[in-house]
Amino acid sequence: MQDNPYSIYVNKRPLRVAFLVEDKPESLSLINDILAYNRERWGGRYNPIIFTDGQTLTEDWWTLLETIDPDIVKSFVTLSDDLITNIERRIAPYLIQGPNLRDEEKEHRRIDLGDNGLSFLPTLPMIRMASESFSDPILVLFDANKAIDLSIKRFVEWNFGEYSRPIHAVNRALTGVRTQPFQITDATSLTEPLTELSTYRAYTYPIQLCAVPKEALPSTDRSQFCETFQVVIGDAPIDVVYFWNLAATVPEWKRTRLNQVWLPISIATNPQLRDALIAWLQRVGDPTGSYDGGIRFVSLSLSQERLNQIVEPITSKLRISRYVSALQTIEPPHLNEFPPWPIGLEKMDHYRATNARESLTLNEPDIPKGAHGRERWMADLYIEFRSKHHLGMMGRHLWWQLPRLNGLAFQMFGGPSRILRNRYPSRAVMRENPRLNITLFDDTNILTGLVVEGLQNRSCFDASNEKRKKLFAGRLPYDEAWPSDKGRYLSGLLKLFGGLDSAHHIFKNHYWRRMFNLLSGRTAHTDAQRLEIVDNTLRKHIRSNGIQFYENDKAITWLTKLVLRVARSLPAPSRELDFETFRKQARQEIDDFNTSRPDRESWVYSEEDLLNALAGLTERGILLMGIQAKCSSCGYRAWHHINDTKQILQCGGCNAEFPMPPESPWHYRLNSLVRAAYADHGLLPVVLLLNELFLFEGRSALLFAPCLDLFDRNEKGPVGDVDIAAILDGQFIIGEVKQSRDLFDQATFSKMEQIARRLLPDILLFASMDGKPNTLITREISRLSEALKPLGISVRWHSLSTSIFEPSPTL
């Protein structure tokens, strides 16, 4: 939880809406209405149209959706439960709208989403933002209302936009704007405007206004033709949709320009328009007049032969590079990898906050208000993260990033909120009511919320439908989650050490693990040696009792591991060590380190370093100081904590009093909590793994909960548990961690598979205090990777840093 001042950066952007439509000829009327809606919206040029049958989406359409990352998905097709679930899982819009009765109206249909993006007026500042002109641009006003041919009317409106019947507010906005009107009635009447627009004057089209701002879309990787002017030819819905969606493939610096045009076949083949059309295409394909531009003719409904026939009379007279391609499928934009930190913070609004609960009044976008009401814009939130686990982290800015479960965003920011593809939160803000409430929860609340049904996705599809309420974006969360005994020990351990990084600093040190093992009464045997000892002992006693078994009996192997696991759970005897033992082991550690690197300068033992390190551990209460004294009456030797030592001691055995021996040396004992967490509950690899994830893989915030027990209703005890429940850079991670790889068995992987299928984490992780996995682990991880890949779950083994297994030169 934030308890220090922190920064909040707000990126104000348009509402992004994806429209789902069926690929059929009758859809052209609907597509026309969708395009009209988007032409009136701030950033509406980037709202994609997606084809679906309501059951599935092809991977190309998924790629387009994931690239644009829409806030709302509006479907004009009845969607299956599976497709809704996949949209929630892969896109996480804050709202999914299905078809309604108004959508069925064919005449005078007007798209209204309920939550609409900002409408705008064509004011001079707005036109200047869209124009490439340094002086006052000329706004081209087409009027195609009296067009005889529907394809002519659509050619004008879809490619250029129009204000043919402006309302009073639009007329007022156009006051002082230089305009160039054109009346379009038939194909012949297009000759004049195309010829005029081929001149090198600063013309701006209304369609460019809805392409403001350039930053409305996430950035995409550059493709081969991303800077080439594209002409889409064809009368099928797929041609129109492909033309419209090309805006998502254009580099950011070109987005407000005219970069593509749709040509119906009747216009492309009209000999009366050919010369004017060629001149205009030459102008837009080579805007600088340097003959180094390019133009690409494509179609998704025509064959290559037919397309060549149509464009040959045009391309033969163009004086720039020409490309002609009949496409088999759409060419979606390429997903771009996000940088490890927010970019463009200097252009965002900056706010300061101090508490975990804050209420801010945001600055609204400087967009002239249009004629519509109930409009929203999106506030992408970049919130500085104050880690309670890494207080000493210097020179590294951390940010709140979260898994793509909008329930998290809803609880933290209220109202319509979501998690973007880059894992940063975003809040829909109502125009003229720009209030933002923020509640930042602590790690445990967020992680336990992720595994229970309280944080289901809030992307709403028919909220009254109980069936939808139970889907939870494909997740089947548990009813309750509580820190396990192991988890409570972890919480206490980290509190004692002062945070995860402080505990990791000690536990990663080979020397201190050596000392903690001695203080915990653990022998120097490796796990493999322990298993061998237990195995030999079992076999010896089984033979001596006349019980038959096979030499390679799997049951004996299983029993051996079980005995070792049970033995680990038993309390280990505590030991006290004098300073001489610490000194001796420190010298041995330095000798081992120098032996491992004979070609380098040797390290020299420093008693001052050892004393300083001991002082730090005793100050925190990790190591306890006391004396050992032998009762003069019964001979019982016991350790007495420094707080209990006095000149006359009392025996813990016979209760007799006896004097404290003079000149008694200090003996150090490990704090009982540390000893239990370290030796009995196997939390050493958990601490090492969590901090390594943050140090070596993390670019932003790490949140984690103590080890959790998972509960279902009507079950008396936990039905599962996870050692690792964490969020790293917005990725939800669960995992199983053991002291030794030999403690993993088939049941462990089956348990974690069941948990993963219910919680749908981004990553399922396995690890132990070993460098490499064994054959069983490798096989099971491979199996789980294939089984869970369709759910978007990555399964992997985490190998701890090799340096922690090597002798330590520093204490």
Ordering 763-769, 602-608 by per-residue average of other C-beta atoms within 10 angstrom, highest first, gives 763-769, 602-608
One finds the C-alpha centres of segment 732-771 and segment 610-632 to be spaced, in Å, by 37
A student asked for the Cα radius of gyration and Dmax of segment 725-764 in angstrom ought to give 11.1, 32
The size of the Cβ-based charge dipole (Lys, Arg +1; Asp, Glu -1) of the chain about the Cα centre, to the nearest 20 debye, is 760
Ranked output for segments 719-732, 198-211 by mean other Cβ atoms within 10 Å, highest leading, reads 719-732, 198-211
1/(1 + (r/R0)^6) with r = Cβ-Cβ of D149 and R374, R0 = 35 Å, i.e. FRET efficiency to nearest 0.05, evaluates to 0.45
Taking only Cα atoms of segment 243-290, the Rg to Rh ratio with Kirkwood Rh works out at 1.03
In nm, the gap between the two label points placed 7 Å beyond Cα toward Cβ at D60 and Q754 is 4.3
Which of K153/K254; K12/K369; K12/K347; K254/K317; K12/K214 exceed 18 Å between C-alpha atoms? The answer is K153/K254; K254/K317
Between the residues S131, L118, Y205, the Cα farthest towards the positive end of the dipole of the chain, that dipole coming from +1 and -1 charges on the beta-carbon of Lys, Arg, Asp and Glu, is from L118
Here, E697 and E806, labelled 7 Å along Cα→Cβ, have an inter-label distance in nm of 2.2
Cα-based Rg and Dmax for segment 611-663, in Å, come out at 13.1, 38
Non-local residues with an amide H under 5 Å from the amide H of D349, with H modelled 1.01 Å from N and Pro and chain starts lacking one, are V10, K12
Here the relative contact order (percent) of segment 734-778, from C-alpha pairs under 8 Å and at least 6 apart, is 62
Taking a crude spin-label model, label points 7 Å out from Cα along the C-beta direction, the S672 to Q746 distance in nm is 4.2
note: segment 1-121, Cα-Cα separations exceeding 25 Å make up a percent value of 27
Per-residue ellipticity at 222 nm attributable to helices in the chain (runs of n ≥ 4 DSSP H, -39500 (n - 2.57) apiece, nearest 500 deg cm²/dmol) works out to -9500 deg cm²/dmol
Length gained, N4-W341, 0.36 nm per residue minus C-alpha separation, equals 119.2 nm
Measuring from the longest principal axis of the C-alpha atoms of the chain, the long axis of helix 510-519 (C-alpha) lies at a number of degrees, nearest 10, equal to 40
Applying the gyration tensor rule to the Cα atoms of segment 676-798 (axes a ≥ b ≥ c; rounded if a/c under 1.5, else prolate if a/b exceeds b/c, else oblate), the class is rounded
In degrees rounded to 10, the 0-90 angle between helix 607-619 Cα long axis and the longest Cα principal axis of the chain is 80
At R0 = 56 Å the Cβ-Cβ FRET efficiency linking L496 and R306, nearest 0.05, sits at 0.15
Residue separation between Y636 and T618 times 0.36 nm, minus their alpha-carbon distance, gives in nm 3.8 nm
SASA check, D501, accessible area w/ 1.4 Å probe, all protein chains in place, rounded to nearest 10 Å², comes out at 40
Filtered hits (aspartates and glutamates, Cα-Cα < 15 Å from K495, offset >= 8 within chain) -> D442, D443, E619
Taking 357-364, 318-325, 85-92, 141-148 and ranking on average Cβ neighbours within 10 Å, highest first, one gets 85-92, 141-148, 318-325, 357-364
Dividing the mean separation of Cα pairs under 8 Å (6+ apart) by the residue count of segment 200-282 yields a relative contact order in percent of 33
Probe 1.4 Å, all chains present, heavy atoms only: W341 accessible area in Å², nearest 10, is 150
Note: R600 to R172 extended length (0.36 nm per residue) minus current alpha-carbon separation gives 146.0 nm
Stokes-Einstein, Kirkwood over Cα pairs, segment 287-425, 37 °C, 0.692 mPa s; D in µm²/s equals 157
With the label point 7 Å along the Cα-to-beta-carbon line of H397 and a cut-off under 16 Å to each amide N, the hits in segment 191-232 are none
Restricting to aspartates and glutamates and to Cα separations under 18 Å from K772, and discarding same-chain partners fewer than 8 apart, the set is D527, E692, E736, D742, D745, E780, E806
Expressed as a percent, the accessible surface of the chain that is carbon or sulfur, using a 1.4 Å probe and the full set of protein chains, is 50
So, relative contact order of the chain in percent, Cα under 8 Å, 6 or more apart, is 13
Tilt, helix 59-68 to longest principal axis of the chain (alpha-carbon atoms), in degrees rounded to tens, equals 90
Counting only DSSP beta bridges fully inside the chain, the antiparallel percentage to nearest 5 is 55
By the Cα gyration tensor axes a ≥ b ≥ c (a/c under 1.5 gives rounded; else a/b larger than b/c gives prolate, otherwise oblate), the shape of segment 139-265 is oblate
Given a Förster distance of 60 Å, the FRET efficiency implied by the Cβ-Cβ spacing of I648 and D592, rounded to the nearest 0.05, works out to 0.85
Treating every alpha carbon of the chain as one equal point scatterer without solvent, the Debye formula yields log10 I(q)/I(0) values at q = 0.06, 0.07, 0.08, 0.09 Å⁻¹ of -0.54, -0.68, -0.81, -0.94
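The values are calculated or read from the model by the stated rules, or taken from the named source; none is laboratory data. Note that the structure is predicted; figures quoted are calculated from it, not measured. Reconstructed Cβ throughout: ideal geometry from the backbone, glycine too, with neighbour counts over all protein chains shown. Quick note on the areas: whole protein, heavy atoms, side chains included, nothing else; ligands and nucleic acids left out. Shrake-Rupley method; radii C 1.70, N 1.55, O 1.52, S 1.80 Å.
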